[in-house]
Structures are given as structure tokens and as C-alpha cells.
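Here's the structure we're looking at; comments come further down.
Values quoted throughout were computed directly from the atomic coordinates according to the rules given, and no laboratory measurement underlies them. These figures come from a predicted structure and were not determined experimentally. Methodologically, a virtual Cβ is constructed for each residue, glycine included, from the backbone with ideal geometry; neighbour enumeration extends over all protein chains shown.
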Amino acid sequence: MTRVLFDEVAAAVRGVPHMTRSQGQVLYEFIRETRPRRILELGFASGVSSCYLAAALDELGTDGHVLTIDRKNARDRSPTIDELLGKCGLTHRVTPIFADTSYTWELQRLLERDPVPAFDFVFIDGAHTWDVDGFAFLLADQMLRPGGWVLFDDLDWTLDSSPTLKNMTWVRQLPAEQRSTPQVRKVYELLVRQNPAYGAFRDENGWGWARKN
Ligand SMILES: C[S@@+](CC[C@H](N)C(=O)[O-])C[C@H]1O[C@@H](n2cnc3c(N)ncnc32)[C@H](O)[C@@H]1O
């Protein structure tokens, strides 16, 4: 296994949230094994996960590409995804979309342009709420080809456990049940695991995997 690229990326993204080196390694090895050509990522923040995805594609040496979507305020992050990809020499592997509102709107545009399933892997690591990510999964499912994989990050994350969100007015105004429910897990359990079109389920270290039949 060529470890040089992985180690270079891990060094370049060190200290930048939101993905640990060991999570990055799991993602990297998954890409090397399953060899997806087109990857859709929902939620890039500073682009750490995007860099790991892109590095694995680069190591494969195919024409693989990542389309990744976040909100336009991701431009205010330090570093930005563009800076991080540039530092890793992986800009050519990733197209970031800075959405005005939400990736769900951008997925509507994508569907309109190309209704035929086109992605081989979808990584959902964005809003972590039922309303947004339940719908995002249903939209992404329309674009995931048979045999393709979906991965959810943060199955057990809750609004109550988020230091940045828990004191926001809109969160405090929610019913306690919605603040304390792991909403990504609800999406994974109810929309993915109970869906006969999916199998090969794996629930490990807060990540939920599934393959479309
Ligand atoms: C946990 S971070 C992503 C981390 C990144 N995948 C990584 O591992 O490096 C979640 C991101 O999702 C974005 N996000 C949340 N809700 C969103 C929405 N509805 N549309 C677009 N982006 C959203 C946030 O702006 C945030 O940057």
C-alpha cells in the first residue's frame, strides 16, 4: 500500500476540524478498496474529509472526482476548503459548491440537470437533523447508482451535545425530544436500514454504512 499520500494529507490537515486521522484512514482505505469514480459529499467545513477522499482517488490514479457541498459561509472558515486542497495539491480532484441556503436545494439542481443515478459513494456529514438529512438522503438516493455506498457520520450526535448549537435560540426553542434525539441515527435506522433497496449495513464508531442493492 502506498502510504505517502495519506501521510502527507494527514500532516497537512493536522489540527483542522472535523475529522481525525484515524477516521481519515478508514475513509481513505474504503475509497481504495471500493474504487468509486464519482463521490458526493454533503458538508465539507474546512475540507478535511474532502482531502482524504481526494487523496485516495489520486492514489488510485483514475478519473475519480468529489462533488462537495456546504453553505456559502464555509468561505469564512480558516482554513477554507480551497486553501486546504491547495496545500495538499488536490484541487483538481474536488469541486466545492458553496450553497446560498442548503445542500438540499443544490441537490434539486443536480437532479434537474442529470436525473440518472450517477454517484458511486455519498458521504453525509452536514446538518445532522431529521428534516434536512432525511430529505438529503432521499434526494441522494435518487442519484446513487446500484452497488454504490452511503455513509453517515455522527450517528449519535444530538443538538443538546453540540457546544456550538445547544445555546442558540432556535435550538433552545425546540421540544426537548428533538434536542436529545440522535437524529442522524433516526435517518439511518428508519430510511436506510428499513429500506429493502439497501444492505451490507455496518454501524461502527458512530458511522453508519449501507450499500444500495
Ligand atoms: C461536521 S461539518 C463537516 C465536516 C467535514 N465533512 C469533515 O469531516 O472535515 C458539517 C458541515 O455541514 C454544513 N451544513 C450543515 N447544514 C447544511 C445544509 N443544510 N446545507 C449545506 N451545508 C450544511 C455546515 O456548514 C458544516 O460546515
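Close contacts from the stretch 71-82, counting a first residue that is touching a residue at least 40 places away in the same chain (Cβ under 8 Å) and a second that is in a helix (DSSP H, G or I), with Cβ to Cβ under 6 Å and a gap of 6+ residues or different chains, come to none at all. Of all residues in the stretch 172-189, exactly one satisfies the criterion of being under 19 Å from residue 125 (Cβ atoms) and over 19 Å from the mean Cα position of the chain (by Cα), namely 181.
Checking 151, 84, 139 one by one, the residue that is more than 21 Å from residue 207 (Cβ to Cβ) and either surrounded by 19 or more Cβ atoms within 10 Å (Cβ to Cβ) or within 13 Å of the ligand (Cβ to nearest atom) (or both) is 84 and no other.
On the given criteria, is residue 96 within 16 Å of the ligand (Cβ to nearest atom), crowded, with 20+ Cβ neighbours inside 10 Å, under 24 Å from residue 20 (Cα atoms) and not acidic (Asp, Glu)? The answer is yes for residue 96.
Scanning the stretch 9-20 for residues that are buried (at least 16 other Cβ atoms within 10 Å of the Cβ) and assigned to a helix (DSSP H, G or I) returns 9, 10, 12.
Considering only the stretch 182-195, I want to know if a residue exists there that is under 16 Å from residue 128 (Cα atoms) and of a type in the set (S, T, N, Q).
As a first pass, look at the stretch 182-195 and keep what is under 16 Å from residue 128 (Cα atoms): 182-192.
Add one more test, that the residue is of a type in the set (S, T, N, Q), and what stays is 183.
Looking through the stretch 182-195, at least one residue is under 16 Å from residue 128 (Cα atoms) and of a type in the set (S, T, N, Q).
Taking the condition in a helix (DSSP H, G or I), under 13 Å from the mean Cα position of the chain (by Cα) and closer than 30 Å to residue 146 by Cα, does residue 45 pass? So that I can check it myself, show each step before the final result.
Working: in a helix (DSSP H, G or I): no; under 13 Å from the mean Cα position of the chain (by Cα): yes; closer than 30 Å to residue 146 by Cα: yes.
Spelling it out, it is not the case that residue 45 is in a helix (DSSP H, G or I), under 13 Å from the mean Cα position of the chain (by Cα) and closer than 30 Å to residue 146 by Cα.
This table checks each residue for (1) within 12 Å of the ligand (Cβ to nearest atom); (2) over 17 Å from residue 82 (Cα atoms); (3) hydroxyl-bearing (Ser, Thr, Tyr).
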| site | (1), (2), (3) |
| --- | --- |
| 5 | no, yes, no |
| 12 | no, no, no |
| 17 | yes, no, no |
| 30 | no, yes, no |
| 37 | no, yes, no |
| 43 | yes, no, no |
| 50 | yes, no, yes |
| 55 | no, no, no |
| 66 | yes, no, no |
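For the stretch 1-29, a tally of residues being under 22 Å from residue 62 (Cβ atoms), touching a residue at least 40 places away in the same chain (Cβ under 8 Å) and within 17 Å of the chain's Cα centre (by Cα) returns 2. The set of residues in the stretch 110-136 being more than 13 Å from the ligand (Cβ to nearest atom) and either basic (Lys, Arg) or assigned to a helix (DSSP H, G or I) (or both) consists of 110, 111, 112, 113.
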